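Quick notes on the structure that follows.
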Amino acid sequence: MLGRAIVRKLARRDDVCGLALYRKEPPETLAKNIQDRIVDLDQHDQLDRLLQEFRPTAFIHTAASGMQHPRPDRSRLMKINVQLPELLAKATSDIPDCHFIHISSGLAYKDQGRPLREDDPLETLHPYGASKVKAEKHLQALAENRHFSLTIVRPFSFTGRGDFGTRLFPSLLRSAVERRPFEMSAGDQLRDHSSVNDIARGVIAAALQSLDHTASARIFNLGTGDTRPLREMVRSVIDELGLNCDLRFGARPYSSHEAMFVVADSTRARKQFGWHPQESVAHAVWELAQTSFPSLDLNEPPLR
C-alpha cells in the first residue's frame, strides 16, 4: 500500500526519475518518468545489476510482513523485515551518494503513556514491532560501518487506497458489503491513524532532504497526534461516510501484546521539512472504498 502510494506521487513529478521494483506484476501503468522491473530478491546478481545500471541517489524500502492475520512465523518475519532491508542496504551502499530510506513503525516504541518522540526507547513484545526494532539496529550499525546515509521513517497506523486483507478498515468495509456485524476489541487503545497519501508525502520529503554524510541515521515519526480511543475514531469515520455497519465493540479480545498508546509526536518532521497531515482518515477510507469496495454508496467526506 505505502510503496504504491509513493510511486504514484513520484509519477506526478517532473524533477524525479524512478525505478520501481516489484516482486510480481506491477499493478498499474505509470508515467514516463517511472520505470518498473520485476525482481527476484533472492537473485542478488540481478538486483546488483539493476541498481548499478540505474545508479539511484535514494532507495526507499517499504516491503514488510506481519500486519495481517494469521501472523507469519518468526523466521519469515526475520527474513522479510530484518534480513531483506539489510541485503538491500548493502547493495545500495556500493553506489556513491545513495541515500537509503527505511520504513520502520510506530509499533517499535516502548509505551510512554504520551505521544512518542524519536528519542524514546524502542522496546516491544509485539512481533512486528520487535522485528522493526531489530532491523533499525542492524541498519544503523551497517551505515556506520559502510559510511552511507540512512534515514529511518516511523509511520504510525495508516490506511487508504490499496489497504487490504485483515487490517482494520478493509475488514470494516468488507463487513458492510457482506451485511454482517463488525466485531472488534473494546477499542480503548489509542491509535494514531493517517492517510497513506500523507505518509507517502512524508517519506518522499525525507528522501529528498539534503544530507550530511558524516551524520548518524536521521529518524522521523509520521502521524497525526490524534489521541482519541480507537472506538471513537472508528465511529467518527462511520458517521462521516454514512456507512451502514453494526459495530460490536468488545466482541473480540485484545491481541496478545496489544499496544495501548501508539500516538506520534511528529514535531521533528514538521520542523525539518514542513510535513503535516493534509487528508482525514475518513477521506482515506472513502478512497479505499471507491477502489476496492465500489458497491458501497458512501458520502464523500471533506478532504481535511
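The values are calculated or read from the model by the stated rules, or taken from the named source; none is laboratory data. Everything numeric here is computed off the predicted structure, so don't read it as measured data. When we count neighbours, we look across all protein chains shown, and the Cβ atoms used for this are built from the backbone with ideal geometry, even at glycine.
Some observations on this one:
- Lone qualifier among THR166, THR151 - being part of a loop (DSSP other than H, G, I, E, B), among the β-branched types (Val, Ile, Thr) and closer than 27 Å to ILE6 by Cβ: THR166
- Qualifying residue in region 162-177 (condition: over 22 Å from the mean Cα position of the chain (by Cα), under 24 Å from TYR254 (Cα atoms) and of a type outside the set (Phe, Trp, Tyr)): yes
- Top-ranked residue in region 215-237 [being modelled with pLDDT of 95 or more, of a type in the set (A, V, I, L, M) and outside any helix (DSSP H, G or I); ranked as surrounded by the most Cβ atoms within 10 Å (Cβ to Cβ)]: LEU222
- Residues located in region 178-208, provided they are surrounded by fewer than 18 Cβ atoms within 10 Å (Cβ to Cβ) and under 19 Å from the mean Cα position of the chain (by Cα): ALA205, LEU208
- Set side by side, the residues ARG76, ARG117, ARG49 differ, and just one is in contact with an Asp or Glu (Cβ under 7 Å, 6 or more places away or on another chain) and surrounded by fewer than 18 Cβ atoms within 10 Å (Cβ to Cβ), which is ARG117.
- For GLU136, the requirement of being at pLDDT 95 or above, among the acidic types (Asp, Glu) and in contact with a His (Cβ under 9 Å, 6 or more places away or on another chain) is met.
- Residue match in region 244-258 (condition: surrounded by fewer than 19 Cβ atoms within 10 Å (Cβ to Cβ), closer than 20 Å to SER104 by Cα and touching a residue at least 60 places away in the same chain (Cβ under 8 Å)): yes
- Residues of region 18-37 classified as of a type in the set (A, V, I, L, M) and farther than 19 Å from MET1 by Cβ, total: 2
- Residues satisfying the stated conditions in region 68-102, i.e. in contact with a Phe, Trp or Tyr (Cβ under 6 Å, 6 or more places away or on another chain) and part of a helix (DSSP H, G or I): ALA89, THR92, SER93
- In this structure, VAL82 does satisfy being of a type outside the set (Phe, Trp, Tyr), buried (at least 18 other Cβ atoms within 10 Å of the Cβ), over 14 Å from the mean Cα position of the chain (by Cα) and at pLDDT 95 or above.
Table: residues versus (1) of a type outside the set (Phe, Trp, Tyr); (2) farther than 27 Å from GLU28 by Cα; (3) in contact with a helix residue (DSSP H, G or I) (Cβ under 7 Å, 6 or more places away or on another chain).
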site	(1), (2), (3)
MET260	yes, yes, no
ALA264	yes, yes, yes
PRO277	yes, no, yes
SER295	yes, no, yes
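- Qualifying positions in region 263-304 - of a type in the set (Gly, Ala, Ser), closer than 16 Å to PRO155 by Cα and either assigned to a helix (DSSP H, G or I) or free of Cβ contacts under 8 Å to residues at least 12 places away in the same chain (or both): ALA269, ALA284
- Qualifying residue in region 239-250 (condition: of a type in the set (A, V, I, L, M, F, W, C) and farther than 25 Å from GLY162 by Cβ): yes
- Scoring GLU240 on the criteria (1) part of a helix (DSSP H, G or I); (2) crowded, with 20+ Cβ neighbours inside 10 Å; (3) of a type outside the set (Lys, Arg); (4) touching a helix residue (DSSP H, G or I) at 6+ places or on another chain (Cβ under 6 Å) leaves a single failure, condition (2).
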